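Computed from the coordinates by the stated procedures, all read-outs in this text should not be read as laboratory data. Keep in mind the model is a prediction, meaning the values are calculated, not measured. Positions of Cβ are generated from backbone atoms using ideal geometry, with glycine treated the same way; all protein chains shown enter the neighbour counts.
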Amino acid sequence: MAEDNEENEDRTEEASPERREEFREKGQIAVSKEISSVFVLAGTVGFLSYYTPIFMSSLLNMFTNHLSRISHLHISGENIYSFVIEIGKETTLLILPIFAVTAIIATTVTLLQTRFNFSWKRLKPDFSRLNPLKGIVRMFSWQAPVELLKGIGKMSVVGVVSYLILYSEWSKVPGLMHVPMTRVWDYWGDITRSLFLTVAMLLIVVAGFDYLYNFISLEKKLKMTKKEVKEEHKKREVDPHIKNRIRRMQRDIASRRMVEKTEDATVLITNPTHYSIALKYQVGMDAPILLAKGVDFLALQMREVAKEKSIPIVENKPLARALYKMVDLDQTVPASLYKAVSEVIRYVFQLKGINFKKQSSALNV
């Protein structure tokens, strides 16, 4: 017990989203059974206010029909059995809507409280609950007095309200002897409905405190120790070896992309050993576009591709370095480098037998 208290005192850190999700998966959510009970009580009473006349009328018709038939019924075991079964079926159909409304209200209120959270882990058998020692510990825990106070509070509310309502009607009871039985049932039905609705309204206050208590208790359980926060932070971080492998894969993908885009280049400008810049320029373009760039081994691969595809390779160290630093992938060459790039493009066009002046105006400086 001392260790548990010490551990609870150390839980000073706010719960992380992962811990909250873990609790939700286990079905540990702030839920008040009292709220469900209050809404079931109020909803059922409200439904009975509408359904009772229909129920009584149907029940009266059922008994009238069956009692009128009984004089013509041949007395035998089989006939009596079928007669009872038929009455049972009709009575069940009359009572079934009440159970259906109760189940729907209870299910809906519970789902709204849990925000439609489903947890099958709550259905798994927990044999540790059968341990009598843990049961004794729970009896003497701080939750036991709270549950006792809630029970006393509910009983007090129901007892006081029942006494006040019934006491105010007590003087009218003797006069019911001169009233038809149907009106007597209506009278007691109205009192019962008023009693239950008043009790339900007052129990909402108790249910509100119960939900607040459960919410605060859950928030305390959700809090984490500094050690748990550190362990969870470690879980979030990827292993350094995996990070390095991801980086290598990303570099490999980028390298393949650079090599592939080099195949569409018009010219490859090199350092020649450290830099390779692949430019593309066609008729109608405002300025050349940088397709790919690389250094060292990647630059060498780009040169090999340029040789295979018969792409002109021009050595220009200052221009290669400037393009590598100033221009990003798929961007046009800036105006400050037009003159240097135009000389390279003119040279390439001359190699291909293309009149550079007729084909380009933007770079013709």
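Overview of values
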| item | result |
| --- | --- |
| Full-extension gain in nm, Ile98 to Glu263, via 0.36 nm per residue minus C-alpha separation | 51.7 nm |
| Fraction of alpha-carbon pairs over 18 Å apart in the range 242-359 - percent | 49 |
| Antiparallel %, DSSP beta bridges [both residues in the range 243-329], to 5 | 75 |
| Given charges at Cβ of Lys, Arg, Asp, Glu: the range 213-327 dipole, positive-most of Pro312, Gln250, Val327 | Gln250 |
| Extension gain, Ser194 back to Leu60 (0.36 nm per residue minus Cα-Cα distance, nm) | 45.7 nm |
| Förster radius 56 Å - calculated FRET efficiency between Glu231 and Ile165, Cβ distance, rounded to 0.05 | 0.45 |
| Likely footprinting exposure, Thr262, Thr270, fewest C-beta neighbours within 10 Å first | Thr270, Thr262 |
| Per-residue HN-Hα couplings for the range 197-203 [Karplus 6.51, -1.76, 1.60; θ = phi - 60°; Hz; x = Gly/Pro] | 5, 5, 4, 4, 5, 6, 6 |
| FRET efficiency estimate (nearest 0.05) - Cβ-Cβ, Glu308 to Asp330, R0 22 angstrom | 0.45 |
| When each of Lys293/Lys352; Lys307/Lys339; Lys325/Lys352; Lys154/Lys220; Lys261/Lys309 is checked by Cα-Cα distance, pairs over 21 Å | Lys293/Lys352; Lys307/Lys339; Lys325/Lys352; Lys154/Lys220 |
| Distance in nm between pseudo-label sites at Tyr347 and Tyr213 (7 Å out along the Cβ direction from Cα) | 8.8 |
| FRET E, pair Glu86, Ile152, Förster distance 41 Å, beta-carbon r, rounded to 0.05 | 0.30 |
